[in-house]
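*Asks:* Got a structure for you, questions after.
The values are calculated or read from the model by the stated rules, or taken from the named source; none is laboratory data. Model, not experiment: these values are computed from the prediction. Cβ atoms come from the backbone with ideal geometry, glycine included; neighbour counts cover every protein chain shown. Please note that ligands, DNA and RNA were not included when accessible areas were found on the heavy atoms of the full protein model with its side chains. Shrake-Rupley method; radii C 1.70, N 1.55, O 1.52, S 1.80 Å.
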Amino acid sequence: MRVGLPREIKADEYRVGMMPVGAESLIRSGHQVVVESQAGLASGFSDDDYRQVGATIVGSPREVFDQAEMIVKVKEPQPGEISLFRRGQIIFTYFHFAASRALMQACIDSGIVAIAYETIRDRKGGLPLLTPMSEVAGKMSIQEGAKYLEKPMMGRGILLGGVPGVAPAHVVILGGGVVGTQAAKVAAGLGANVIIMDINLERLRYLDDVMPANVHTIFSDAHTVREHLLLADLVIGAVLIPGATAPRLVSRADLSAMKNGSVIVDVAIDQGGCVETSRPTTHQQPTFVVEGVVHYCVTNMPGAVGRTSTIALCNATLPYALRIANKGYERAATEDAGFAEGINLVAGRVRNRAVAESLNLPYEPLGGGIKP
Ligand SMILES: NC(=O)c1ccc[n+]([C@@H]2O[C@H](COP(=O)([O-])OP(=O)(O)OC[C@H]3O[C@@H](n4cnc5c(N)ncnc54)[C@H](O)[C@@H]3O)[C@@H](O)[C@H]2O)c1
């Protein structure tokens, strides 16, 4: 199979869909890889790195899309990319269709096979191609929070870990899943006082067992959340109800009771955010202040650490890209029901039930008839 790797064109996106080692694995398995010039540069991979493993470098995205039977990308397709799609072409990337009817319609019209990273499941029911980016965002959330707690960044002027004789910061993490766990590890390592709040008691039990002594677990309800917001210097929004918009745990009224110059990093902003006053921001302008509280609400946090994120993502995506190239997506789907959930769209027909339901479109299971 001929596999194409275009350069990402979304603003502030520094990741690339495949590392040179991935291109090498595909080529060793008898496939060809076509790479757009400078596709890997922002992640630290030069054209020569790809050339040395046998990939072909081309000068324009059009050449990649014209030649490749499968495109491997990172972000959801942008209008300039959709216009280059060919009927029957496999596009393997994040789509987040539920968030954009316009993208779904454009992909239906183009006749592609859309295989979405975010809906592939592993044997335990987890989302193996989403987890690495949550790990990155969780660790980054403390790094960013620490920065915006500095006075010149509008924060309280607080050092997260304190110093001998001065108390450390109080960090409240809402949601103890992948993001929350990574955030807690970093905050605890820096010496902060850390509270993780979750509604899943099993999860809290687990975290209580594995976390260091400066991390405490608290069951999340409206009263306890409010109680801990009053003490917080840094709040991390890390809740998720799969497939739904994020639950609102912090209201505008809560903000006025919080410390002036405290910081909220609302990582859950990509699902609408868990703070009433959150709105999406970009790496160019990551923060804004409401009621004296600094809000950081960047929707693609991992994009800023492109090299780490590219490696973390590609470690997880490559085995699937290899399987699609070696077996074809239909056979790969019959052998792995979790992978089959990644197939969102084939020739204008929606093949993932949740995606179809969220956009109120007919659902046609793989190998079955149309369901309203
Ligand atoms: N902004 C970004 O760049 C970025 C990057 C990666 C992930 N995310 C987002 O971060 C969020 C968290 O992702 P994750 O992978 O950690 O999810 P996860 O499913 O691993 O964890 C979510 C946790 O939230 C808990 N929860 C649900 N409702 C709650 C409530 N009312 N109070 C307290 N806890 C509650 C769940 O029990 C679960 O443990 C998601 O919205 C995800 O899309 C954003």
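*Asks:* Check the straight Cα-Cα distances from residue 259 and name the aspartates and glutamates below 15 Å, setting aside those fewer than 8 residues away within the same chain.
*Replies:* Of all the aspartates and glutamates, those that pass the test against residue 259 - Cα under 15 Å, at least 8 places apart if same chain - are 150, 227, 233, 291.
*Asks:* Right, here's the next one. Averaging over every viewing direction, what projected area does the convex hull of the Cα atoms of the chain cover, in nm²?
*Replies:* Average of the hull's projected areas for the chain equals 19.4 nm².
*Asks:* Tell me the Kirkwood hydrodynamic radius of the stretch 258-372 in angstroms, computed as one over the mean inverse distance between distinct C-alpha pairs.
*Replies:* Value: 17.5 Å, from the Cα pair sum.
*Asks:* While we're here: Nearest 10 degrees, 0 to 90: what angle lies between the long axis of helix 201-210 and the longest principal axis of the chain (Cα atoms)?
*Replies:* It works out to around 80 degrees.
*Asks:* For the stretch 97-247, just list the percent of Cα-Cα distances falling in each 10 Å bin from zero outward, please.
*Replies:* Once binned at 10 Å, the Cα pair distances of the stretch 97-247 give 10, 34, 30, 16, 8, 2, 0.
*Asks:* Now, a different point. When you count, for each residue, the other Cβ atoms within 10 Å and take the mean per peptide, how do 342-349, 182-189, 26-33 rank with the highest first? Walk me through the intermediate numbers first.
*Replies:* Details: 342-349: 19.6, 182-189: 23.0, 26-33: 16.8.
Descending mean neighbour count gives 182-189, 342-349, 26-33.
*Asks:* Counting only residues 5 or more places away or on other chains, whose amide H sits under 5 Å from the amide H of residue 10 once H atoms are built in the peptide plane?
*Replies:* none
*Asks:* Rounded to the nearest Å, what's the spacing between the alpha carbon centres of the stretch 101-171 and the stretch 173-209? Just the number, please.
*Replies:* The two parts, judged by their Cα centres, are 15 Å apart.
*Asks:* Determine the order of 124, 73 by accessible area, beginning with the largest, at a probe radius of 1.4 Å.
*Replies:* Largest accessible area first, the list is 124, 73.
*Asks:* What ranking of 282, 245 comes out by heavy-atom accessible area, probe 1.4 Å, highest first? Provide the component values of the computation, followed by the final result.
*Replies:* On the way: 282 70, 245 110 Å².
Result of the area sort, largest leading: 245, 282.
*Asks:* In addition: Percent of accessible area on the stretch 118-239 owned by carbon and sulfur, 1.4 Å probe? Could you put the intermediate results ahead of the total?
*Replies:* Working: 3320 of 5740 Å².
With neighbouring chains kept in place, the figure for the stretch 118-239 is 58 percent.
*Asks:* Kindly report the accessible area of the chain per residue (heavy atoms of protein chains, probe 1.4 Å, no ligands, DNA or RNA), in Å².
*Replies:* In whole numbers, the chain has 44 Å² accessible per residue.
*Asks:* Also, I was wondering about something else. Sort 293, 178 by heavy-atom solvent-accessible area, probe 1.4 angstrom, most to least. Write down the numbers at each step before the final one.
*Replies:* Working: 293 0, 178 55 Å².
Result of the area sort, largest leading: 178, 293.
*Asks:* Now a separate question. Whole Å is fine, so just give me how far the alpha carbon centre of the stretch 310-372 lies from that of the stretch 224-285.
*Replies:* 33 Å
*Asks:* Here's a follow-up. Heavy atoms of the protein only, probe of 1.4 Å, neighbouring chains included. What is the accessible area of residue 85 in Å², nearest 10?
*Replies:* Probe radius 1.4 Å; accessible area of residue 85 about 20 Å².
*Asks:* Let me ask something additional. Below 13 angstrom from the Cβ of residue 109, what's the summed charge of the other residues (Lys, Arg +1; Asp, Glu -1)? Walk me through the numbers before you get to the answer.
*Replies:* Numbers: positive: 86, 87, 101, 349; negative: none.
Net of charged neighbours comes to +4.
*Asks:* So what is log10(I(q)/I(0)) for the stretch 1-158 at q = 0.13 1/Å, when the Debye sum runs over its Cα atoms only?
*Replies:* Reported log10 I(q)/I(0), two decimals: -0.69.
*Asks:* Let me ask something additional. As I understand it, the value is the acute angle between the Cα axis of helix 101-110 and the longest principal axis of the Cα atoms of the chain; what does it come to in degrees, rounded to 10?
*Replies:* 10 degrees
*Asks:* Averaging over all projection directions, find the projected area of the Cα convex hull of the stretch 22-109 and quote it in nm² with one decimal place.
*Replies:* 6.1 nm²
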